[in-house]
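Asker: Right, I'll just put the structure down here and ask away after.
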Amino acid sequence: MLDIILGVFTDNGLVMAFLVIGITMWLAYLISNKLTKGRIHGSAIAIVLGLVLAYIGGVATDGSKGLSDVSFLAGVGFLGGSMLRDFAIVATSFGANFDEIKKAGFRGIISLFVGVLLSFVVGVIFAFMFGYTDPVDMTTIGAGTVTYIVGPVTGAALGASSEIIAISIAAGLVKSVLVMISTPFVAKYIGLNNPMSAMVFGGLMGTTSGVTGGLAATDPKLVPYGAVTATFYTGLGCLLAPTILFLITDMIF
């Protein structure tokens with residue numbers, strides 16, 4: 001009987017993935033509402049739960065793809081893949097009002113460059129402090145601090161090792177979770193209460209998942225605006241990190 005059930009789950013991997021993600025999200029929002037009174041958004045808790053499940057899946061199977069290494073949970077790999085991720089980002093951005101986007105203007109553009117450069121410099125400094133002196137390694141880790149998408153893209157372009165790319169992804173995930181958790185607490189102190197400030201905030205922070213989750217806990221109406229600049233931030237990071245920022249790092253170190 002167990003073999004039959006597992007066979008059904010394996011043959012319907014995507015359905016099983018939706019079930020697992022649904023249960024995880026339900027549990028995350030339950031924890032958010034009951035234990036934190038909504039101060040920590042359910043998305044942040046869901047990310048932490050996802051990382052825990054990925055670790056358990058990796059340890060149990062001695063694999064490298066987290067839960068998707070478990071045969072009947074292979075659909076999680078597709079559901080969490082780049083195609084559906086990018087679709088979700090684009091769909092979120094469509095909720096923004098173009099007139100409000102135009103108001104950000106020069107400030108929005110400046111926030112993108114400042115955000116990418118600041119995150120990259122912090123990442124490079126931490127990489128150097130932990131003993132990484134090779135420009136490729138430092139650039140990859142710095143790019144991961146920009147976002148956990150920019151890190152792997154940069155590492156692949158520069159030929160970084162899989163270990164360094166993994167560190168860059170971890171750095172980006174830490175940043176994403178920190179942004180998501182801290183945004184509701186600092187919003188009132190930085191004037192994060194209108195579309196323009198949300199776009200500047202998205203440009204400075206950059207991590208789309210962190211920004212959207214944090215803004216959702218602050219004011220759901222601000223989510224599309226933060227997502228717009230955060231999405232451009234990721235693209236800008238993928239352009240700058242493997243090229244200009246790598247050359248600068250190489251010249252300095």
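Asker: Restricted to segment 213-251, and to residues that are of a type in the set (A, V, I, L, M) and free of Cβ contacts under 8 Å to residues at least 60 places away in the same chain, which residue is most open to solvent (accessible area, probe 1.4 Å)?
Answerer: In this case the residue turns out to be Met251.
Asker: Let me ask you something else. Does at least one position in segment 169-180 carry a residue that is over 18 Å from Ile110 (Cα atoms), modelled with pLDDT of 90 or more, of a type in the set (Lys, Arg) and assigned to a helix (DSSP H, G or I)?
Answerer: The answer is yes; a qualifying residue exists.
Asker: Do the conditions hold for Ala91, that is, is it at pLDDT 75 or above and either in a helix (DSSP H, G or I) or open to solvent by 80 Å² or more (accessible area, probe 1.4 Å) (or both)?
Answerer: no
Asker: While we're looking at this one, here's another question. Looking at (1) assigned to a helix (DSSP H, G or I); (2) more than 19 Å from Ser176 (Cβ to Cβ); (3) at pLDDT 80 or above, which is the one condition that is false for Thr133?
Answerer: All conditions are met except number (1).
Asker: Just checking, which of Ile165, Ile141 is touching a Pro at 6+ places or on another chain (Cβ under 6 Å) and open to solvent by less than 60 Å² (accessible area, probe 1.4 Å)? Give the derivation first.
Answerer: Working: Ile141 fails: touching a Pro at 6+ places or on another chain (Cβ under 6 Å).
None of the others qualify; the one that does is Ile165.
Asker: Please count how many residues of segment 182-197 are open to solvent by less than 60 Å² (accessible area, probe 1.4 Å) and either in contact with a Lys or Arg (Cβ under 9 Å, 6 or more places away or on another chain) or outside any helix (DSSP H, G or I) (or both).
Answerer: Within segment 182-197, residues that are open to solvent by less than 60 Å² (accessible area, probe 1.4 Å) and either in contact with a Lys or Arg (Cβ under 9 Å, 6 or more places away or on another chain) or outside any helix (DSSP H, G or I) (or both) number 6.
Asker: Among the numbered criteria (1) more than 21 Å from Val228 (Cα to Cα); (2) open to solvent by 10 Å² or more (accessible area, probe 1.4 Å), which single criterion is violated by Val153?
Answerer: Condition not satisfied by Val153: (1).
Asker: Moving on. When segment 137-164 is examined, which residues are found to be at pLDDT 90 or above, over 12 Å from Thr207 (Cβ atoms) and of a type in the set (Val, Ile, Thr)?
Answerer: Thr139, Thr140, Ile141, Thr154, Ile164
Asker: Among the residues of segment 3-30, which ones are at pLDDT 85 or above and either loosely packed, with under 14 Cβ neighbours inside 10 Å or touching a strand residue (DSSP E or B) at 6+ places or on another chain (Cβ under 8 Å) (or both)?
Answerer: The answer is Gly22, Ile23, Trp26, Leu30.
Asker: To continue, here is another question. Let me confirm something: among Val150, Val136, which residue is aliphatic (A, V, I, L, M), within 22 Å of Val124 (Cα to Cα) and in contact with a Leu (Cβ under 7 Å, 6 or more places away or on another chain)?
Answerer: Val136
Asker: How many of the residues making up segment 41-53 are open to solvent by 50 Å² or more (accessible area, probe 1.4 Å) and touching a residue at least 12 places away in the same chain (Cβ under 8 Å)?
Answerer: Residues in segment 41-53 being open to solvent by 50 Å² or more (accessible area, probe 1.4 Å) and touching a residue at least 12 places away in the same chain (Cβ under 8 Å): 3 in total.
The values are calculated or read from the model by the stated rules, or taken from the named source; none is laboratory data. Please read these numbers as outputs of a predicted model, since none were measured by experiment. Because the Cβ atoms are built from the backbone with ideal geometry, glycine has one as well, and the counts that use them run over all protein chains shown. For accessibility, only protein heavy atoms count, side chains too; no ligands or nucleic acids. Shrake-Rupley method; radii C 1.70, N 1.55, O 1.52, S 1.80 Å.
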